[in-house]
1. In what order, largest first, do THR182, THR169 sit by accessible area if the probe radius is 1.4 Å?
2. For the chain, set up a GNM with springs between Cα atoms under 10 Å and report which of ASP110, ASP37, ASP47 has the largest fluctuation.
3. Taking all pairs of distinct Cα atoms, average 1/r, flip it, and tell me the Kirkwood hydrodynamic radius of the stretch 55-113 in Å to one decimal place.
4. Grab the Cα-Cα distance for GLN40 and ARG151, subtract it from 0.36 nm times how many residues apart they are, and report the gain in nm with one decimal.
5. Would you mind calculating the gained length between ALA54 and MET119 on full extension (0.36 nm times residue separation, minus the Cα-Cα distance), in nm to one decimal?
6. Ignoring ligands, DNA and RNA, what percent of the 1.4 Å accessible area of the chain is carbon and sulfur?
7. Comparing VAL13, VAL34, VAL97, which has the greatest mean-square fluctuation in the GNM of the chain with Cα pairs linked when under 10 Å apart?
8. Top mean-square fluctuation among ILE102, ILE30, ILE70, Gaussian network model of the chain, C-alpha springs under 10 Å?
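The values are calculated or read from the model by the stated rules, or taken from the named source; none is laboratory data. Quantities reported herein were computed from a predicted structural model and do not represent experimental measurements. No Cβ is skipped: glycine too gets one built from the backbone with ideal geometry, and neighbour counts run over all protein chains shown. These area figures cover heavy atoms from the full protein model, side chains too; ligands, DNA and RNA do not enter into them. Shrake-Rupley method; radii C 1.70, N 1.55, O 1.52, S 1.80 Å.
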Amino acid sequence: MDLFDDQLMPIVVLAGVDEVGRGPLAGPVIAAAVILDAAQPIAGLRDSKKLTPARRSQLAEIIGAQARAIGVGRAEVAEIDELNILRASLLAMQRAVANLPIRPDVVYVDGNFTPSLPMSAIAIVGGDDRIASISAASIVAKVIRDAEMNRAAAHFPNYGFERHKGYATAAHLEALRRFGPTPLHRRSFAPIRQASLDPAETAMFGEL
């Protein structure tokens, strides 16, 4: 049994927190906080990146139906550019915890850093593949962000957001070279600074 297994402290209300979207060149950071129901364990929870899109969607539905509480937070592109990606990610996590309808006693956070919270928080490297509640948060956040980037693809069809979700693939970089950045792109990221157009030229993309 893992040292941080949710079942070790059944009396304490535990939440798992994870974010999705630190690496992409475009789109928001989405974070989720999940409090699982120990009486209804969910099989198959793991790091969302190791699951197929279909399996993630299936598990997200189960989590939504069986979890005791789910909170979602986000940091927008403007906040990412203003704060930097790490601080914006922590802000999204902070918002996700604040949006939980049940206040947790302890929060497990995937990674090396924890957001500023009014309760105990523990950073766990690789937690999204070790702690069920963090895995659940990873899945919820990933499904929400992927759906948002799929919708963005309809507004900006030249960029392939439905395929790469904003990550720096060769096709995405080529689209930036040809068409310039959209309002969804993070101007503080080097590839976007290099591809930036005059603001008047970006008006052709419209707003989401």
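1. Result, largest first: THR169, THR182.
2. ASP37
3. That comes to 13.0 Å for the stretch 55-113.
4. Full-extension gain reported as 36.7 nm.
5. 19.9 nm is the gain from fully extending ALA54 to MET119.
6. 54
7. Taking springs between Cα atoms under 10 Å, the residue moving most is VAL13.
8. Of the options given, ILE102 has the highest mean-square fluctuation.
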